[in-house]
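Only one structure is covered here, and it is reproduced in the block below.
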């Protein structure tokens, strides 16, 4: 039951094959078993069980709220959840319990979803590995999959050490690990430069970033307001569409949501053929750093469309290479501004120093933020200085416009959807990953995903195949603004063609048991 | 410490003035007369007064002051600029604070339509160009009562620009001439108010009240066209009247709904502008004038003594009557302005640009707001002058005193007396009593109806005007008595009995033969003495004209 998709388990609930409470308990027990993945910061067991009980009552009364009623979901710990600690994986917000729900969280709850907990991330979503949060790194469930383990055994060079576990990617790595390890059926991530799509690719999931303005950001603790969107992580495209259907729509609390009616619910037709489609392949995305495996899968995917009757065109997005540096200026500037509110006065961490308000601010912020956050605040404030504003911020805004125009031009040339890699390669081991600093990693890892956020377009990463190492590789589809449904329809056709394998976690379960045994022994010996 | 004496030089004459209420720093040459239409482009810079030091030397050392104002007017609205919290003065601390106001992470601003309408209305009333598209920016600084660490304002593209404010400066021998002046308005921007910090020095704590945090403000930026405290005070008073007439702000300075910062510099005319200081903490119009004049003289003295003016923020100390450097703001602030990413551009429409299918709830139509503009103070004054034949300066007084115009109009409504008579009674007698006892119109013991009744008695010649004064005094002292009651109690009715009056005149002439002699010897003015004596004997009940007629008749016979 746990390995099923959201749509399948929803049908099972409706048919009474399983009750919401049973489902909830199974997920909770798996959350406990997979605790070592560090996917969750907070497990909201009581809340989830109570919600399950209510859902069960609704099913009994024949008053189900829809596809999401009784479905366990997880939410990245940078969405406000009323009464549940929301930390952003930062010392600054440890112990902060918001008094309100983010609009997306409220919408999930209104649809009857069960909130299993809050998932781990890089501090304030700044990172691409889910390694830089105050609660420690998230481990990729695929590290413990049968597929990966067997490949490793075949490789004489690989050391079969537990320290060789892989990163999930980030910053929504906790959400990705939670869905990938079957502890829930869908999870919310956030996506500012690729933070949903990147871990989705590394964890073999569908990672969807909706059009900017389609889904409310109210309650999402911001990284870059002008690029942030709530992201959706699921096991298949249809599931993502169901969740999007629940979340999309204007929100009076977020003035950047659009009022234009968009077809709801997001039912995705099954395309019989793709002969009317035009797929664009941006040539600038073929970079030397791209792994040969990803490149070959990308090219196979293009062939797949071509053989399906679609027109496949090479297109140019000439300003792509400026995206990273442009993003750096805009992101850090908004970070500097958004982080100004964390001063220890109204909420969150406050230091003990009270000689003056200024000293209190300084020490609070020093203690509350990690090096990555502080570094970005410092850069951002530099770019916003009066003497620098024109040379950095304004220029970056202009470049952003050029990047957005690149996409407009590509779509105006008749292309329906762009097909690109999501990441340079499959997930790397943690020890490998931390050889470079956060900034370098973010710059490398966001290369294919970031420009989409600049342009506010919808994009989705679809798992395609396993690499030679037995690890998932994803490809990205980019659609026209507010053509999210079309984008997902194309992705669904593709998903059907590639038949990505399900993660085999028996190894993981065995490992869990072993870890649990060890923990028990440890706790016994401590007594 | 009193405001220092300033000397004013112009056209070879020199005045001194100590304070705004008494003196004026304006040229008292013949005014061109108040023209009713607004005078655009007439900058008062051209006729700015010149200052000298206390020991003027020949030819040189003439100083001109340049004053610009930044005025923050709290928008009168039910809820805050970007949140649904109520706006109310003197509510219990932190009782009107939404999640957004406390800057809880993840909250977003939602623009209050009413505040935008108020800004457009104010912009139109101040002859501004209303920008069809305006933008919001973040202005960053750390302060305990600024929870987000930034204020949302309109730095790059404000909602209204390039306006003007015309005000009248009183001049002439009795301050009875009104010289029109115009100050240009650079811009009007929408922005958030901050919270309030209350410093408990005893426990060295700062207490924060966020009730005010996020309340909508209109920042009205005036060009530096002003040249002295009185001009600034009069311009601000006019703005206050306009805001109150529009209802866009209660503009009560004592409650902080209108706050003024002044930028002040001095220079020699023809030379580049001097270094300016900013004076804050000006919480009444009187202190505004005082602070500016003090600061001008301080700068002149400083420069004359070889010192230099620092570009600094100063605070006006109203007890000492002087400005002082605010040391804590010495560090140069870089506000690191940035576009507010959570608010789309504010787009306004007019009749021509309004899309046909626009939802009226979602759009703001400038032309529609223009149609709802109420009568502005300048028009009200014109109307008063035309309708009631009063002098322009009287119309200024009527508008300047809170509630006086309404009082006047209520009296007019209920009395048969001539408007000129009403004007005279309201402005001289009534206002005089108020001033003497330092009362507001609303605190007056005399109601408009009572005064109307009194003026009716006067109009119907039931009482003499001297008796009317007496009745008024009684009315003031003994609240609740109607003029009719007082007149009959005190027997103040006009003496209609001509025979009795003739008798009285006769005996008065007999009792004062010396005066009669004077008269007969060719001093006609001596008759006034007799008239006075007769009036006194009648307790002011007799008509002086009748007395005079009787006396003259008797004298000539």
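Quick check, is residue B:103 crowded, with 18+ Cβ neighbours inside 10 Å, within 14 Å of another protein chain (Cβ to nearest Cβ), in contact with a helix residue (DSSP H, G or I) (Cβ under 6 Å, 6 or more places away or on another chain) and modelled with pLDDT of 95 or more? Yes.
Residues that are within 14 Å of another protein chain (Cβ to nearest Cβ), part of a helix (DSSP H, G or I) and either farther than 22 Å from residue A:336 by Cβ or in contact with a helix residue (DSSP H, G or I) (Cβ under 8 Å, 6 or more places away or on another chain) (or both) within the range A:94-126 comprise A:103, A:104, A:105, A:106, A:123, A:124, listed in sequence order.
Just to be sure, is residue A:37 closer than 20 Å to residue A:246 by Cα, in contact with a helix residue (DSSP H, G or I) (Cβ under 7 Å, 6 or more places away or on another chain) and buried (at least 21 other Cβ atoms within 10 Å of the Cβ)? Show your work before the answer.
On the way: closer than 20 Å to residue A:246 by Cα: no; in contact with a helix residue (DSSP H, G or I) (Cβ under 7 Å, 6 or more places away or on another chain): yes; buried (at least 21 other Cβ atoms within 10 Å of the Cβ): yes.
Taking the combined requirement at face value, the residue does not satisfy it.
Here residue B:348 meets the list (1) away from every other protein chain (no Cβ under 14 Å); (2) surrounded by 14 or more Cβ atoms within 10 Å (Cβ to Cβ); (3) farther than 30 Å from residue B:149 by Cβ almost entirely, failing just condition (3).
Collect the residues in the range A:347-364 that are more than 10 Å from chain B (Cβ to nearest Cβ) and either in a loop (DSSP other than H, G, I, E, B) or buried (at least 16 other Cβ atoms within 10 Å of the Cβ) (or both), keeping them in residue-number order. Outline the logic, then answer.
We begin by selecting, within the range A:347-364, every residue more than 10 Å from chain B (Cβ to nearest Cβ); these are A:349-353, A:359, A:363-364.
Of everything in the range A:347-364, those that are more than 10 Å from chain B (Cβ to nearest Cβ) and either in a loop (DSSP other than H, G, I, E, B) or buried (at least 16 other Cβ atoms within 10 Å of the Cβ) (or both) turn out to be A:349, A:350, A:351, A:352, A:353, A:363, A:364.
If only residues of the range A:306-346 that are over 24 Å from the mean Cα position of the chain (by Cα) and under 18 Å from residue A:455 (Cα atoms) are counted, the one that is surrounded by the most Cβ atoms within 10 Å (Cβ to Cβ) is A:317. Across the range B:127-140, the qualifying residues are those that are out of contact with any helix residue (DSSP H, G or I) (no Cβ under 9 Å at 6 or more places or on another chain) and within 11 Å of another protein chain (Cβ to nearest Cβ), and the one among them that is surrounded by the fewest Cβ atoms within 10 Å (Cβ to Cβ) is B:139. One residue stands out in the range A:329-346 among those that are in contact with a helix residue (DSSP H, G or I) (Cβ under 8 Å, 6 or more places away or on another chain) and facing chain B (nearest Cβ under 10 Å): the one that is farthest from residue A:93 (Cα to Cα), namely A:330. Within the range B:255-269, the set of residues being surrounded by 17 or more Cβ atoms within 10 Å (Cβ to Cβ) and not in a strand (DSSP E or B) comprises B:257 only. Scanning the range B:306-316 for residues that are within 14 Å of chain A (Cβ to nearest Cβ) and in contact (Cβ under 8 Å) with a residue 12 or more places away in the chain turns up nothing. Residue B:110: within 21 Å of residue A:334 (Cα to Cα) and without any contact (Cβ under 8 Å) to a residue 60 or more places away in the chain, yes or no? Answer is yes for this residue.
Filter the range A:274-299 for residues that are without any contact (Cβ under 8 Å) to a residue 60 or more places away in the chain and loosely packed, with under 14 Cβ neighbours inside 10 Å and give the result.
At the first step, the residues of the range A:274-299 found to be without any contact (Cβ under 8 Å) to a residue 60 or more places away in the chain are A:275-276, A:283-284, A:286, A:288, A:292, A:296, A:299.
Scanning the range A:274-299 gives A:275, A:276, A:283, A:288, A:292, A:296, A:299.
Hey, does the range B:313-323 have a residue that's in a strand (DSSP E or B), surrounded by fewer than 21 Cβ atoms within 10 Å (Cβ to Cβ) and over 30 Å from the mean Cα position of the chain (by Cα)? Checked against the condition, which is being in a strand (DSSP E or B), surrounded by fewer than 21 Cβ atoms within 10 Å (Cβ to Cβ) and over 30 Å from the mean Cα position of the chain (by Cα), the range B:313-323 yields no hits at all.
What residue, of B:515, B:534, is free of Cβ contacts under 8 Å to residues at least 40 places away in the same chain, surrounded by 13 or more Cβ atoms within 10 Å (Cβ to Cβ), within 21 Å of residue B:468 (Cβ to Cβ) and outside the structural domain of residue B:469 (by the TED database)?
Result: B:534 is the single residue among B:515, B:534 that is free of Cβ contacts under 8 Å to residues at least 40 places away in the same chain, surrounded by 13 or more Cβ atoms within 10 Å (Cβ to Cβ), within 21 Å of residue B:468 (Cβ to Cβ) and outside the structural domain of residue B:469 (by the TED database).
When A:469, A:444 are checked against the criterion of being at pLDDT below 95 and in a helix (DSSP H, G or I), a single residue qualifies: A:444. Those helices (runs of 4 or more DSSP H) of the range B:472-543 in which at least 2 residues are within 25 Å of residue B:462 (Cα to Cα), considering only elements entirely within it, cover B:483-490, B:498-511, B:526-537.
All conditions but one from (1) assigned to a loop (DSSP other than H, G, I, E, B); (2) outside the structural domain of residue B:81 (by the TED database); (3) under 37 Å from the mean Cα position of the chain (by Cα) apply to residue B:354; the one that does not is (3).
Test of understanding: among B:91, B:73, which residue is away from chain A (no Cβ under 14 Å) and at pLDDT below 95?
On the way: B:73 fails: at pLDDT below 95.
The match here is B:91.
Could you please let me know if residue A:431 is in contact (Cβ under 8 Å) with a residue 40 or more places away in the chain and crowded, with 24+ Cβ neighbours inside 10 Å? Criteria not met by residue A:431.
The values are calculated or read from the model by the stated rules, or taken from the named source; none is laboratory data. Keep in mind that what you see is a predicted model, and the values were worked out from it rather than measured. A quick note on method: Cβ atoms are made from the backbone with ideal geometry, for glycine too, and the neighbour counts reach across all protein chains shown.
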